[in-house]
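Participant: One structure, as structure tokens, below. Some questions next.
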Amino acid sequence: MDLRFTPEESAFREEVRHFIRENLPADIRERMRLGYPPRKQDTITWQRILNRKGWAAISWPKEWGGPGWNAIQRMIFLEENLSAPAPELLSFNITMIGPVLLQFGTEEQKRRFLPRAANLDDWWCQGFSEPGAGSDLASLKTRAVREGDHYVVNGQKIWTSTAHNADWCFCLVRTDLKAAKRQEGISFLLIDMKTPGVEVRPIISIDGSHHLNEVFFTDVKVPVENLVGEENRGWSVAKFLLGNERTGIARLGRSKERVRFAKQVAREVRMNGRPLIEDRAFRTRVAQLEVDMKALEITQMRVVSAYEKARDGKPDPLSSVLKIKGTELLQNTSELAMDVGGPQAMPVWQQELSQLANEPAIGPEWAPQMAPAYLMLRAASIYGGTNEIQKNILTKAVLGL
Amino acid sequence: MDFDLTEDQRLLTESVNRLLADQYAFEQRKAMLKTQEGWSTRLWAQYAELGFLGLPFAEEFGGFGAGPVEVMLLMQAFGRHLVLEPYLATVVLGGTALRLAGSAAQQGEILPGVAAGTTKLAFAHYERQSRYDMTDVLTTATPRDGGFVLEGAKSVVLHGDSAEKLIVSARTAGGRDEAQGISLFLVDGDVKGVVRRGYTLRDGTRAAEISLSEVRVSRDDLLGEQDNALPVIERVVEAGIAATAGEVVGAMEAMQAMTLDYLKTRQQFGRPIGENQALQHRAAEMLVALEQGRSMAMLATMMVEEQDAAERARNISMAKVGVGQSGRFVSQNAIQLHGGIGMTEEYAVGHFFRRVMVIEHMFGDTAWHLDRLADQVD
């Protein structure tokens, strides 16, 4: 047993860190550091830089543009990328539709979609949740009826992240209303977002941003060659997608980066006449977060190591521990950063004040972004299977209750 | 990065598990608690035969040259069965002090007896006023006739009542809270001037209050460098934290297993209580805490022999906090999910609860270590 990284693993970390330092555009890094979510173009720019290096499709086989890394290398890369901080790889492309097509796609589908997904020439979104189908995904109602060489899709998706940016949507639709079990009549379709009848309506979230959408399908014609896997067997595709390697799910690099950032800016603000960084309560809070991050880091190493050893591609139920603790830490670290900002974290800066020419900032430049980051991360324990669903998974898969 | 056990480590785990499954059932343990020693001298001899007692010592001193991972595996098994024998006091605490500070002659004189099960050690460092502060030593050692005279008192000395050899810290220089000026001495447990009042702790393990008045020791009994024992004391405490972290993981495993079993069998409202989601989620949260605690116990184990003292201390403090918090969560909820039966002396879960509680208050509690980490935030 050895928790230390091997010299090769440490050298790999150095290589990744060096590449990111040399190649991440300064303006993107600065926006990320100040707490802004990456702009659409930031995500595209960075993923293309990585793809040129062969580092975008991190879990794909080499023949499809993957770097040939093992799970430990992927973990190291993801952590370095997040703590840079750099925009994340678009997960819809890299960890969702890519692996799905590699597993279930036809040769034609792979050739058509994979290279473009890796290079973010196509931006994908996920059409799973519906108004009546959240955690209970199998109750989805969006209908697809086969008519000759295409399906006609009608229905509604909701909480569709970045649908307004997307070129394509991978979608769960109901193709058989008479199936004995709800899970059996579902199919997995690829829908071009430019098809007539697709309408995207924004949902503004509590952080004031437009990230989420409703997507309406009205008589949308989808060619049958865009079916992935067999008709009515889409549930197993979805299960594969949701259970696919989830070791990056803790997003620990981001939490670490936020704590580093909070400590740094805590030197600039005051508490009872002294720099906040000298305040006992603040220091204890940071110490507790660092303890929690350390525990999660090692748990993550254990899960990744077991995944690498098993080589069966099956999800480790313990990845639910990573999801639960990882998202709690994302939330707690963003809360810390917001609290450092204090009252100056409260103004809605960009919408009004930034339009006033020559108006000096109300407080530190970083402060206004701390509240929306905190607000947005309330979603972390909801998306990707709510943390309560994760506890259900642990209950059944590990505890056998 | 590697989480695999070696073949030898697997065999060690099997051997201790087999022995304890056979010898350490709840009722058997209860009988041991009632003996005069409060633990099993017969099993102690068996541990010696199986090589457990010499595990971390060099072969020349009758040991097996094993490391912290082996100790962790053993302690984890001890935790699962609430082992009462003085392994922590003798092999981990006393053994570490001797290994790190003992001369070849001192190690040669004492360690073979430890490995053979004939010599038990106790680490008599903390005092009544010191709580967890390692530099708060008021016991004095004054030079006289080429040796020293010890004067003072030690508090809650684990297995201090039965140890043949005490490792006593005392001031040879400096005042209260000063890092410099502390020395360690080997003191026979039955020497003139040593008065030991033995008692049981809340978990049934033994400890003692030890007073030292006009205790004469020779210069050869000085363990390590005069005035400069603090680094050794810190490492002994760190080894204790790592070992008990493993023990707490074992205890949490046992409580988790008992609780799951109970959730599956206890019927209320015509069905097993484990069908209630409120209880399922609590059990899932216990699992999360257990796994996070397990990770931290691994961290402590890997750090015991880290050469960078600051790095070692910091990580071991993190582990103590993490394991302490996990242990509290798992043990408190183990009782809660059992309901009334969990409160009874005749049911095992409360005994595990008390062991975890006692361990949390050794070597610096959660608040003490968190405070130390808060000092280091930069």
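The values are calculated or read from the model by the stated rules, or taken from the named source; none is laboratory data. Being a predicted model, the structure only gives us computed values, none of them experimental. Reconstructed Cβ throughout: ideal geometry from the backbone, glycine too, with neighbour counts over all protein chains shown.
Participant: Quick check on my filter: what residues within the stretch B:315-337 are facing another protein chain (nearest Cβ under 9 Å) and either among the polar types (S, T, N, Q) or over 27 Å from residue B:259 (Cα atoms) (or both)?
Facilitator: Hits for the stretch B:315-337 are B:315, B:317, B:318, B:325, B:326.
One line per residue, one yes/no per condition, for (1) assigned by TED's automatic domain parsing to the domain that holds residue B:363; (2) of a type in the set (Gly, Ala, Ser); (3) surrounded by fewer than 18 Cβ atoms within 10 Å (Cβ to Cβ); (4) farther than 26 Å from residue B:202 by Cβ:
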| position | (1), (2), (3), (4) |
| --- | --- |
| B:114 | no, no, no, yes |
| B:134 | no, no, no, no |
| B:145 | no, no, yes, yes |
| B:152 | no, yes, no, no |
| B:172 | no, no, no, yes |
| B:176 | no, no, yes, yes |
| B:182 | no, no, no, yes |
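One line per residue, one yes/no per condition, for (1) at pLDDT 95 or above; (2) in a helix (DSSP H, G or I):
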position: A:231; (1), (2): yes, no
position: A:241; (1), (2): no, yes
position: A:245; (1), (2): no, no
position: A:255; (1), (2): yes, yes
position: A:262; (1), (2): yes, yes
position: A:303; (1), (2): no, yes
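Participant: Which pairs do you get when a residue that is on the phi > 0 side of the Ramachandran plot and not assigned by TED's automatic domain parsing to the domain that holds residue A:214, found in the stretch A:153-173, comes within reach of a residue that is small (Gly, Ala, Ser) and at pLDDT below 95, reach meaning Cβ atoms under 7 angstrom, with the pair 6+ apart or on two chains?
Facilitator: Hits for this filter: zero, empty list.
Participant: Next question, about the same structure. For the stretch A:171-195, which positions are assigned to a helix (DSSP H, G or I) and basic (Lys, Arg)?
Facilitator: Result: A:182, single match.
Participant: Considering (1) of a type in the set (A, V, I, L, M, F, W, C); (2) touching a strand residue (DSSP E or B) at 6+ places or on another chain (Cβ under 7 Å); (3) without any contact (Cβ under 8 Å) to a residue 40 or more places away in the chain, say which one residue B:104 fails and leave the rest.
Facilitator: Against the list (1) of a type in the set (A, V, I, L, M, F, W, C); (2) touching a strand residue (DSSP E or B) at 6+ places or on another chain (Cβ under 7 Å); (3) without any contact (Cβ under 8 Å) to a residue 40 or more places away in the chain, residue B:104 comes up short only on (2).
Participant: Run down A:110, A:141 and say which single residue is touching a residue at least 12 places away in the same chain (Cβ under 8 Å) and assigned to a helix (DSSP H, G or I).
Facilitator: Of the residues listed, the single one that is touching a residue at least 12 places away in the same chain (Cβ under 8 Å) and assigned to a helix (DSSP H, G or I) is A:110.
Participant: For the stretch A:261-274, indicate whether the set of residues that are closer than 26 Å to residue A:365 by Cα, without any contact (Cβ under 8 Å) to a residue 24 or more places away in the chain, buried (at least 22 other Cβ atoms within 10 Å of the Cβ) and not hydrophobic (A, V, I, L, M, F, W, C) is non-empty.
Facilitator: Within the stretch A:261-274, not a single residue is closer than 26 Å to residue A:365 by Cα, without any contact (Cβ under 8 Å) to a residue 24 or more places away in the chain, buried (at least 22 other Cβ atoms within 10 Å of the Cβ) and not hydrophobic (A, V, I, L, M, F, W, C).
Participant: Step by step: first the residues of the stretch A:294-323, then only those that are over 15 Å from residue B:288 (Cβ atoms) and surrounded by 24 or more Cβ atoms within 10 Å (Cβ to Cβ), then the one that is nearest to the other protein chains (Cβ to nearest Cβ). Which residue is that?
Facilitator: Here the answer is A:304.
Participant: Right, something else. Of everything in the stretch B:9-55, what is in contact (Cβ under 8 Å) with a residue 24 or more places away in the chain and within 14 Å of chain A (Cβ to nearest Cβ)? Give them in sequence order.
Facilitator: B:9, B:12, B:13
Participant: Go through the residues of the stretch A:331-353 one by one and say whether even a single one is assigned by TED's automatic domain parsing to the domain that holds residue A:369, part of a loop (DSSP other than H, G, I, E, B) and closer than 30 Å to residue A:70 by Cα.
Facilitator: Checking the stretch A:331-353: not a single residue is assigned by TED's automatic domain parsing to the domain that holds residue A:369, part of a loop (DSSP other than H, G, I, E, B) and closer than 30 Å to residue A:70 by Cα.
Participant: Of the numbered conditions (1) in contact with a helix residue (DSSP H, G or I) (Cβ under 7 Å, 6 or more places away or on another chain); (2) more than 30 Å from residue B:69 (Cβ to Cβ); (3) within 10 Å of another protein chain (Cβ to nearest Cβ), residue B:277 satisfies every one except a single condition; which is it?
Facilitator: Condition (1) is where residue B:277 drops out.
Participant: Restricting to helices (runs of 4 or more DSSP H) lying wholly in the stretch B:1-119: which have 2 or more residues that are closer than 24 Å to residue B:169 by Cα?
Facilitator: B:95-101, B:104-116
Table: residues versus (1) within 20 Å of residue B:325 (Cα to Cα); (2) more than 7 Å from chain A (Cβ to nearest Cβ).
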residue	(1), (2)
B:266	no, yes
B:273	no, yes
B:281	yes, no
B:286	yes, yes
B:291	yes, no
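Participant: On the given criteria, is residue B:312 touching an Asp or Glu at 6+ places or on another chain (Cβ under 6 Å) and more than 10 Å from chain A (Cβ to nearest Cβ)?
Facilitator: yes
Participant: Additional query: Taking the condition of being within 14 Å of residue A:171 (Cα to Cα) and of a type in the set (Val, Ile, Thr), how many residues in the stretch A:91-144 meet it?
Facilitator: 3
Participant: Inspect all residues belonging to the stretch A:144-152 and state whether any of them is buried (at least 23 other Cβ atoms within 10 Å of the Cβ) and either in contact (Cβ under 8 Å) with a residue 40 or more places away in the chain or in the same structural domain as residue A:40 (by TED's automatic domain parsing) (or both).
Facilitator: Yes, some residue in the stretch A:144-152 is buried (at least 23 other Cβ atoms within 10 Å of the Cβ) and either in contact (Cβ under 8 Å) with a residue 40 or more places away in the chain or in the same structural domain as residue A:40 (by TED's automatic domain parsing) (or both).
Condition check ((1) buried (at least 17 other Cβ atoms within 10 Å of the Cβ); (2) outside any strand (DSSP E or B); (3) modelled with pLDDT of 95 or more; (4) not assigned by TED's automatic domain parsing to the domain that holds residue B:366) across all residues:
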| residue | (1), (2), (3), (4) |
| --- | --- |
| B:213 | no, no, yes, yes |
| B:249 | yes, yes, yes, no |
| B:256 | yes, yes, yes, no |
| B:260 | yes, yes, yes, no |
| B:264 | no, yes, yes, no |
| B:278 | no, yes, yes, no |
| B:286 | yes, yes, yes, no |
| B:295 | yes, yes, yes, no |
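Participant: Taking residue A:326, is it under 30 Å from residue A:368 (Cα atoms) and either away from chain B (no Cβ under 12 Å) or in contact with an Asp or Glu (Cβ under 7 Å, 6 or more places away or on another chain) (or both)?
Facilitator: No.
Participant: What is the one condition in (1) in contact with a helix residue (DSSP H, G or I) (Cβ under 7 Å, 6 or more places away or on another chain); (2) assigned to a helix (DSSP H, G or I); (3) within 11 Å of chain A (Cβ to nearest Cβ) that residue B:302 does not satisfy?
Facilitator: (1)
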